[in-house]
Every structure is written in C-alpha cells, then in structure tokens.
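In what follows, a single structure is set out as structure tokens and then discussed.
The values are calculated or read from the model by the stated rules, or taken from the named source; none is laboratory data. On a predicted model such as this, the values are computed, not experimentally measured, just so you know. For neighbour counting, all protein chains shown are included, and Cβ atoms are generated from backbone atoms with ideal geometry for every residue, glycine included.
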Amino acid sequence: MAIGDAVELTDSQERRIVRGLQLMLVALFGFGIATFQFGIAGTAGLALGVTLLPAWLRWEYGYSMNAGLVLWITTAVILHTIGSLWLYEEYQWYDEIAHTVSASVIAGLGYAAFRAFERHSDEMNVSSTFRSVFIVVFVLATGVVWEVLEFALGGGLVTVYGIDDIVTDFVFNAVGAVIVAIWGTGSVSELIEFFGRRLRSTRDN
C-alpha cells in the first residue's frame, strides 16, 4: 500500500507534497555547497536525482508513474537524507522507520520486475508464496550490497555506525519487505505493466 493510499490523499495533493520535498532537497544541496559540507550536498543531490527518475521515465518512455508511488519513493529518500544529517545518531527509532520505508520501496520495485519477467516468460510460473519469499530475499540481498557500499564509502557520503546498527537495519529491512509482501503488491501493478511493455519491446527489437 502506497503512502498516499494509506492517508487517503488525492493525486494533486500527492504531487504537491512531492514538489515540496524536492524543494527541500534542493535547499539541502545548496546549503551543503555553500557551507562546503559536500557529504550533505552529495546525499541531497543523489536523493534529488532519484526523485526525478519518474519524470525521466515519462519523458523517455511516456510512462506516467502513479502519484502515490512517486510519493512513496520520494518519502523514502527524504527520510534517508534528513536522517544522515543528525537524526540517525540521535534517535534509533528514526533509523528503523527510514529503513522500513526504504526497504518497502525496494521490495515494491523488485516485485514489479519479478512479476514482469514472470508474465513475459512462458516457462516461468511460480506460486504467490514463492513471490513473497522472493520479495524478502531480494530486499535482504539488496541490503547486503548497501552495507558493503556503506563500508566502502565510510567517512564520505555515508556514516558507518557498527555491527549492531547493521543487524538492526536488516531486521527492519525485513519488516518493510514483509509489509509489501502482505499488503503492498497491488501498489505497483501499473509499474508491472510498464516493465512488461519494455520487455516485449526489447524482444520485438
């Protein structure tokens, strides 16, 4: 279930919120540059780039992503960006919320890609239980990659907080994945159709 659906926002309200969050990222990027805090600028710039991906998909492929899904993605990156400033260090619960939300986004994207491949292939037909297991495994595997990147970039764009933090991250990554596996797969139905169209286009070419 996307965030907008959970709080019953209209599409126009969701788009306004996304624009406001993007302006916040622009402000953080400018602040980082102006104060020579390039870690802040880099994190905000990367997050802003992620929030602009739906616009790029619309421009490049004519796919208009559901406003609720755009808000879901934008909320995940803004939570991470703000958390990296100081909230992660001060409040453990904030880290847990941010990881749950970001993991749910990764789970939704992974599920959409998997379902598109499943529909595309005549030989691929799995049960709903397997799909749920795949979502959790995919998120945890992505988490491993992220933790490796954190260690590789430690002291630069991201801060490494230690083994206990890694364990907690994985727990709440799994929570986000389970939430999507149980309630959230319907939120990415349009994305599944888009991936499917791209797969058919690739095969035809």
Practice task
Quick one: which residue in ILE179, ILE106, ILE163 is modelled with pLDDT of 90 or more and either surrounded by 21 or more Cβ atoms within 10 Å (Cβ to Cβ) or under 28 Å from ALA41 (Cα atoms) (or both)?
Solution key: ILE106
Practice task
Take LEU23 and decide whether it is modelled with pLDDT of 95 or more and either farther than 19 Å from THR75 by Cβ or assigned to a helix (DSSP H, G or I) (or both).
Solution key: yes
Exercise for the section: Only one of these is modelled with pLDDT under 90 and either exposed (fewer than 15 other Cβ atoms within 10 Å of the Cβ) or assigned to a helix (DSSP H, G or I) (or both): VAL144, VAL133. Name it. Expected result: VAL144
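Would you call TYR63 in contact (Cβ under 8 Å) with a residue 40 or more places away in the chain and either in contact with a strand residue (DSSP E or B) (Cβ under 9 Å, 6 or more places away or on another chain) or assigned to a loop (DSSP other than H, G, I, E, B) (or both)? Talk me through it step by step, then tell me what you get.
Numbers: in contact (Cβ under 8 Å) with a residue 40 or more places away in the chain: yes; either in contact with a strand residue (DSSP E or B) (Cβ under 9 Å, 6 or more places away or on another chain) or assigned to a loop (DSSP other than H, G, I, E, B) (or both): yes.
Taking the combined requirement at face value, the residue satisfies it.
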Handout entry: Any hit, the stretch 49-56, residues being under 22 Å from GLU14 (Cβ atoms), buried (at least 17 other Cβ atoms within 10 Å of the Cβ), modelled with pLDDT under 90 and not aromatic (Phe, Trp, Tyr)
Key = no
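Identify, from the list GLU118, GLU123, the residue that is in a loop (DSSP other than H, G, I, E, B), within 20 Å of ILE192 (Cβ to Cβ) and out of contact with any Gly (no Cβ under 6 Å at 6 or more places or on another chain). Walk me through it before giving the result.
Details: GLU118 fails: in a loop (DSSP other than H, G, I, E, B).
Being in a loop (DSSP other than H, G, I, E, B), within 20 Å of ILE192 (Cβ to Cβ) and out of contact with any Gly (no Cβ under 6 Å at 6 or more places or on another chain) holds for just one of GLU118, GLU123, which is GLU123.
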Fill in the blank from the handout: Exactly one of TRP86, TRP72 is part of a helix (DSSP H, G or I), aromatic (Phe, Trp, Tyr), within 13 Å of GLY184 (Cβ to Cβ) and not assigned by TED's automatic domain parsing to the domain that holds VAL139, and that residue is TRP72
Problem - Whichever residue in the stretch 27-44 is within 11 Å of ILE78 (Cα to Cα) and not hydroxyl-bearing (Ser, Thr, Tyr) and, among such residues, is surrounded by the most Cβ atoms within 10 Å (Cβ to Cβ) - result: ALA44
Handout entry: SER132 being in contact with a helix residue (DSSP H, G or I) (Cβ under 7 Å, 6 or more places away or on another chain), of a type in the set (S, T, N, Q) and more than 20 Å from ILE166 (Cβ to Cβ)
Key = yes
Exercise for the section: Could you tell me whether any residue of the stretch 189-197 is at pLDDT below 90, in contact with a helix residue (DSSP H, G or I) (Cβ under 8 Å, 6 or more places away or on another chain) and not in a helix (DSSP H, G or I)? Expected result: no
Practice task
Return the pairs, sorted by first residue and then second, in which the second residue is of a type in the set (Asp, Glu) and modelled with pLDDT under 95, the first residue lies in the stretch 132-153 and is over 18 Å from THR43 (Cβ atoms), the beta carbons are less than 9 Å apart, and the residues are 6+ apart or on different chains.
Solution key: GLY143/ASP169
